[in-house]
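First comes the structure, then the notes that go with it.
Only the coordinates and a few stated rules stand behind these numbers; no lab work does. Just so it is clear, the model here is predicted, and its values are computed rather than measured. Ideal geometry is used to build each Cβ from the backbone, glycine not excepted, and the neighbour counts take in all protein chains shown.
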Amino acid sequence: DAKTTQPNSMESNEEEPVHLPCNHSTISGTDYIHWYRQLPSQGPEYVIHGLTSNVNNRMASLAIAEDRKSSTLILHRATLRDAAVYYCILLPSGYSTLTFGKGTMLLVSP
Amino acid sequence: ETGVTQTPRHLVMGMTNKKSLKCEQHLGHNAMYWYKQSAKKPLELMFVYSLEERVENNSVPSRFSPECPNSSHLFLHLHTLQPEDSALYLCASSQRPAGDSTDTQYFGPGTRLTVL
């Protein structure tokens, strides 16, 4: 299984952009890149996913490197509510079961 | 609110007790999942149901028994648990049958289980 590597933690100030990196050097051509986050005392929440092209939605943007060996989740203006653990997950084609790693704990300061 | 509810939210049980966790999704989804989140360990998949049939059983001990009576409900029956089974048990659902890597999962708030 292709694996992902994320920093253990990152810090940000409120109202500033946040770039959360994820390395997946062994990704295969048909693996989808999914991002979920887990706020304190809650279940995980879907954020965004993509295959090759950059993706935007109301929550975030996903920038995927041209060689697909890394990706970056971008929160354009961090709020206190964005403090959570962010998980980068690869899903092979034909597979929908999520395999969570340790993720990145994002701390947001006022 | 994600459209996935779990009851109870907290449960304390002895090792000889039998209890059940309930999950209900109000989204019309076709796949449902049980995950376990232990302290200091990543979330791990336990079971997957797709169109009411179990399609994945991730080497879970037999003291955990899932049941999916219809597409909206999922149960996890517990018996003779061990203290190390104390964890947050999370239910999730996804719209399409399991196996679609473009689909997304919606999680419930979880049941915090403590085994004494």
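So for B:Lys19, A:Lys69, fewest C-beta neighbours within 10 Å to most, what's the order?
The order, fewest Cβ neighbours first, is A:Lys69, B:Lys19.
At a threshold of 8 angstrom on Cα-Cα distance, excluding pairs fewer than six apart, so keeping six or more, what relative contact order does chain A reach in percent?
Relative contact order, chain A: 36 percent.
Find out how many positive minus negative residues lie around A:Ala78, taking Lys and Arg as positive, Asp and Glu as negative, among other residues whose Cβ is under 14 Å from that of A:Ala78.
My count for the surroundings of A:Ala78 gives -2.
Summarise the partner chain shielding of A:43-52 as one whole number: the mean count of Cβ atoms from other chains within 10 Å of each residue's Cβ.
Across the residues of A:43-52, the mean count of other-chain Cβ atoms within 10 Å is 5.
By the scheme Lys and Arg +1, Asp and Glu -1, what is the net charge of all other residues having a beta-carbon under 15 Å from that of B:Leu81?
With Lys, Arg at +1 and Asp, Glu at -1, the net is +3.
For each of A:Leu62, B:Leu27, count neighbouring Cβ atoms within 10 Å of the residue's Cβ, then give the residues from fewest to most.
The fewest-first ordering by Cβ neighbours comes to B:Leu27, A:Leu62.
Sort B:Cys68, B:Cys23, A:Cys22 so that the residue with the fewest other Cβ atoms within 10 Å of its own Cβ comes first and the one with the most comes last.
B:Cys68, A:Cys22, B:Cys23
Please give the net charge around B:Asn70, taking every other residue with its beta carbon less than 15 angstrom from that of B:Asn70, where Lys and Arg add +1 and Asp and Glu add -1.
My count for the surroundings of B:Asn70 gives -2.
Among B:Ala31, B:Ala98, B:Ala39, determine the one that fluctuates most according to a GNM of chain B built with springs between C-alpha atoms less than 10 Å apart.
Most flexible of the set in this elastic network: B:Ala39.
List, in order, the whole-Hz ³J(HN,Hα) value for each residue of the range A:14-31 obtained from phi through the Karplus relation with A = 6.51, B = -1.76, C = 1.60 and θ = phi - 60°; use x for Gly and Pro.
Result, ordered by residue: 4, 6, 9, x, 10, 10, 9, x, 8, 9, 9, 5, 9, 4, 9, x, 10, 6 Hz.
Taking only the Cα atoms of chain B, how large is their convex hull per residue, in Å³?
Given the Cα convex hull of chain B, per-residue volume reads 97 Å³.
Please tell me which of these pairs span more than 18 angstrom C-alpha to C-alpha: A:Lys69/B:Lys41; B:Lys18/B:Lys41; A:Lys3/B:Lys36; A:Lys69/B:Lys40; A:Lys3/A:Lys69?
A:Lys69/B:Lys41; B:Lys18/B:Lys41; A:Lys3/B:Lys36; A:Lys69/B:Lys40
Looking only at other chains, what is the average number of their beta-carbon atoms within 10 angstrom of each beta-carbon in A:87-94?
For this peptide, the per-residue mean of nearby foreign Cβ atoms is 2.
Can you give the average number of partner chain beta-carbon atoms within 10 Å of each beta-carbon in peptide B:96-103, as a whole number?
That average works out to 6.
For chain B, give me every cysteine whose Cβ has no other Cys Cβ within less than 4.7 Å, ordered by residue number.
B:Cys68
Over the range B:31-84, what number does the Rg to Rh ratio reach, with both radii from the alpha-carbon atoms and Rh per Kirkwood?
On the Cα set of the range B:31-84, Rg over Rh gives 0.97.
Provide Rg and Dmax in Å for the protein assembly as shown, with only Cα atoms included in the calculation.
Spelled out, the Cα radius of gyration and Dmax of the protein assembly as shown are 17.7, 55 Å.
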